[in-house]
Amino acid sequence: MSDKKILGRDARRYTLATERAYGADTHSYLPELCDQLKTKKIDRRDFLRQAALLGMTTTTAYAMANVLTGETPIKEAMAATPKAGGALKVSMRVQEMTDPASFDWVEKSNVARFLVEHLTRTRADNVTVPYLAKSWEASDDLKTWVFHLKEGVKWSNGDDFTSADVAHTVNRWLDPATGSSNLGLFGAMVEEGADGKKRGIANAVEVVDSHTIKFNLKQAALAMPENFYNYPTAIVHKGFGGDYEADLSKNPIGTGPCELADFSIGERAILKKRAGDYHDGAFHLDEIQYFDHGEDTNAWIAALASQQVDMVYRVPNDAIETVKRLPFVDIHEATTAQTAVMRFRVTEKPFDDPRVRQAIAACMDHQEILDKAFKGLGQVAENHHVCPIHPDYAALPPLKRDIAKAKKLLADAGYPDGITVEIANGDTEGSWMTDACAIFKSQAEAAGITININKMPANQYWEVWDKAPWGYTAWTHRPLGTMVLGLAYRKGVPWNEAAYDNPKFDAALDDAEGTLDVNERKKKMAVCEKLIQDDAIIPQPFWRSVFKATNKKVKGFKTHPTLYHQFQDVWLDS
Amino acid sequence: MLQLILRRIGMMILIMLVVALLLFMINEGDPRLIARSVLGPYAQADQLQLWIEQNGYDRSMFIRYFEWLGRVMTGDLGHSIIYKRPVADIFWDRLGNTGILAGVTFVIMVIVALVLGVLAGMKEGSPQDRAISVLSIATTSVPEYASAVILAGIFVFWLGWLPGTSSMTSGFNIVELILPVMVLTLYGFGYIARMTRASMAEVMTTPYIRTAVLKGLPYRHIIMKHALRNALIAPFTVIMLQINWLLSGVVVTEFAFGYKGFGALLLEAALRRDIFVIEACGIAAVFVAVFTQTIGDLGYTYLNPRIRFK
């Protein structure tokens, strides 16, 4: 069914110009989606996001939303004409940049993002738009996805970008030898082998022609376009890891707007604009220069204050007031699903007993931790890792601190006189993590629970994050609740740090992932959320806002909630 | 004297060998830990075992020690786990950077400390002495991480005169050295100044100085010709010890200003268990410590003829 047919019910209200934007066949669920928006069962944001996922162009989706709601959003103020040229200097850790498929820090992907690119791009407003793919279609049952790739895109070595590159990249993710976290993300293309390892299902990736590729899933999955923008999902050249070593810093072959001019771990990464036209529109910057000022966040802010850099990767919350006083700096806040979870490893004693986990979780006063450890700059979480800003979030009854319940659970578990436990923490996202642990420690004392905080350097924590019996792990923002749950809590996936193994949860998540109706999906997510909450695997104090700071000469920048660097619209005003 | 020099050098080599053995035992005693560091936290047990066998870590530790020693002596310091390149490529650069920072600091610190120490010790108990003594104690009492924040607050955030980091991103820039040098000088000069002051005050009370005064020699002449040389013998060893501190004690300052030096390298390596970098840095730090101490001892003997070692 075409968009034109869908629009038939409101045909009089469309202009000819808008209609010209349509034409491609789109998903059969779109009429239902339109009805839901019109009858206010879903909001505008849900509509835009879902319509884009189902393959509708964003222009069409916005126009349709305007017509169906009768509202015209206030236009952004007319921006100044971008100026081309200049070098954007950024203070950020420069880490090793070997294999994009196994990236485990967003910082690595920020350098790589201007070399190797993704099929799709999720914008700061959570709407996913075409990138290396020009469009996509999903079958009615959401089990077959066809991506049409842009033509004329060249790799920096002169090769044409084709479906073979995409197939090679995705097949690498699905090979357990690669060790990619994408095995968890693309669960609908993965099965458990005889050796107990997860691997891609047969015929998961099918090359249709040079610029068309099909993904055949074992179960429905709506978030495929969004998943293709997760930071370890950059598309690499078909020779990567085959014809040449799988090391992007040594073999920086990409489709992106830049080439790698200089790269030195712990020091700098210099990216220079490639000659020729860029496939994704104008790219204004001549250079992007990343400088590593070490782990001391004070040094980052000092570099910004003395205008040695134009941007810092993030502003720690204890430096926000200082940065606000710098007259030449803009501070950008993004409400995000960035968080940290106090994750129990359910296979380790004493946390293998759910009553112990539930007792500890029952001691948490989320609001107090948010207010004291993060100055209230965020919102309280509910121990299930799905955020109110996720489109698939379902509200559960609020959690309340219950010391009496905690004591009873502990006594039932065989600890009537209390228990001493240890939490590992590496302050991987800042010193507020230690503060949060310390506040929770004092909250738990009332139930006879003594929490010892094992403070360690950030890098040391990342060596034990999925091994420590109890650890405080930071998780970055992802646009969907299902995406986070699939990455972190599905049985056997690489990032399942809790070693959580609950077939009911896995089935409920599969069900939610394959549900098109936004409201039905939320109901199914409620089941997933409740299972995680009841199993008490992650006491989760709060969701935090993130802050970035830029010199006022940096124009067109929007903070992405994941802290991904998207500089397509960025330019420097001399 | 020659015998003394040879004996000192021999002792230095022995100490280096023992420290190198200790370093090696701590870092490479357990092959599984090395394999884990190299292959990362996700490596499986069979991958670890394969790496151990392929790289000869299943052999006796002493054989490996002497092999490693031979490689180090020929300049092969191993391959960095974090930086993904030979340790020697990073190590000498970083050592050079710290050499620049330490050299500039050393010159300024020693001049400031000696001048102030002599001025204070010339007239013990005078307001000049009191002021210099209070200043020396106060600055030495403030740890580097605190003075780094205070000085950055004044010169970067308030006055806006100086760059906030010293990472030399656009090539070497002397202006970027000012803040770290200030921090190190403030912290380090007080100790030398206090030692110089005490030594100077002691010399000023000696009979030969009193005789010189009573002879009617000009005061400036007494200080420069008679007092100063003897007063500098005691601070000499302290000054030599500062070289050692300037190499391995600059970690905090380098960290605070993002300076890419030896201290920052050592810290980063320690935090991420980059064992080959830790070993190289450890050997260098011990060498500088032992070497400067040896030079200090020899210099002390030369300057003070009353001291004779047998």
Item to complete: Looking for whichever is touching a helix residue (DSSP H, G or I) at 6+ places or on another chain (Cβ under 9 Å), in contact (Cβ under 8 Å) with a residue 24 or more places away in the chain, among the charged types (D, E, K, R) and closer than 24 Å to A:GLN50 by Cβ here; the options are A:ASP510, A:ASP435. Which one fits?
Response: A:ASP510
Worksheet item: Can you tell me which residues in region A:535-563 are surrounded by fewer than 20 Cβ atoms within 10 Å (Cβ to Cβ), at negative phi and not in a strand (DSSP E or B)?
Response: A:LYS552, A:LYS553, A:LYS558
Discussion item. For region B:240-271, which positions are β-branched (Val, Ile, Thr) and within 24 Å of A:GLU463 (Cβ to Cβ)?
Written reply: B:VAL251
Response to the item:
In the set A:ASP104, A:ASP125, the lone residue that is under 30 Å from A:ASP43 (Cβ atoms) and open to solvent by 10 Å² or more (accessible area, probe 1.4 Å) is A:ASP125
Discussion item. Pairs needed: first member in region B:256-278, at the interface with chain A (Cβ under 7 Å from one of its Cβ atoms); second member anywhere, of a type in the set (Ser, Thr, Tyr) and crowded, with 24+ Cβ neighbours inside 10 Å; C-beta distance under 8 Å; at least 6 residues apart or different chains.
Written reply: B:PHE257/B:THR165; B:PHE257/B:SER166; B:PHE257/B:SER167; B:GLY258/B:THR165; B:GLY258/B:SER166; B:GLY258/B:SER167; B:LYS260/B:SER167
Discussion item. Report every pair of residues separated by at least 6 positions or lying on different chains whose Cβ atoms are under 6 Å apart, first residue within region B:158-185 and away from every other protein chain (no Cβ under 12 Å), second buried (at least 24 other Cβ atoms within 10 Å of the Cβ).
Written reply: B:VAL181/B:THR105; B:VAL183/B:ALA148; B:VAL183/B:THR253; B:LEU184/B:THR105; B:LEU184/B:THR253; B:THR185/B:THR105; B:THR185/B:MET109
Fill in: Filter result for A:LYS405 (assigned to a helix (DSSP H, G or I) and either more than 24 Å from the chain's Cα centre (by Cα) or in the same structural domain as A:PHE440 (by TED's automatic domain parsing) (or both))
yes
Item to complete: Check whether at least one residue in region B:178-188 is surrounded by fewer than 23 Cβ atoms within 10 Å (Cβ to Cβ), at pLDDT below 90 and assigned to a helix (DSSP H, G or I), and report yes or no.
Response: no
Practice prompt. Report the residue count in region A:443-476 for those that are more than 14 Å from every other protein chain (Cβ to nearest Cβ), assigned to a loop (DSSP other than H, G, I, E, B) and either among the hydroxyl-bearing types (Ser, Thr, Tyr) or more than 23 Å from A:LYS372 (Cβ to Cβ) (or both).
Written response: 2
Worksheet entry | Boolean, A:THR60 is outside any loop (DSSP other than H, G, I, E, B) and not assigned by TED's automatic domain parsing to the domain that holds A:ASP511 | yes
Worksheet item: Does B:LEU267 satisfy the criteria of being under 18 Å from the mean Cα position of the chain (by Cα), open to solvent by 30 Å² or more (accessible area, probe 1.4 Å) and either at positive phi or not polar (S, T, N, Q) (or both)?
Response: yes
Practice prompt. Determine which single condition A:VAL356 fails, assuming it passes every other condition in (1) away from every other protein chain (no Cβ under 14 Å); (2) in a helix (DSSP H, G or I); (3) open to solvent by 10 Å² or more (accessible area, probe 1.4 Å); (4) touching a residue at least 60 places away in the same chain (Cβ under 8 Å).
Written response: (3)
Item to complete: Sort out for me the helices (runs of 4 or more DSSP H) sitting completely within region B:42-148 that have 2 or more residues that are open to solvent by less than 50 Å² (accessible area, probe 1.4 Å) and modelled with pLDDT under 90.
Response: B:45-54, B:61-73, B:87-122
Worksheet entry | The one condition in (1) closer than 22 Å to A:VAL129 by Cα; (2) in contact (Cβ under 8 Å) with a residue 60 or more places away in the chain that A:VAL170 fails to fulfil | (2)
Response to the item:
Requiring at least 2 residues that are under 26 Å from A:LYS108 (Cβ atoms) and touching a Phe, Trp or Tyr at 6+ places or on another chain (Cβ under 9 Å), the strands (runs of 3 or more DSSP E) wholly within region A:157-235 are A:212-216
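The values are calculated or read from the model by the stated rules, or taken from the named source; none is laboratory data. Since the model is a prediction, treat every value here as computed from it, not as a measurement. Heads up, the Cβs are rebuilt from the backbone with ideal geometry, glycines too, and the neighbour counts pull from every protein chain shown. To get the accessible areas, we keep the full protein, side chains included, count just its heavy atoms, and leave off ligands, DNA and RNA. Shrake-Rupley method; radii C 1.70, N 1.55, O 1.52, S 1.80 Å.
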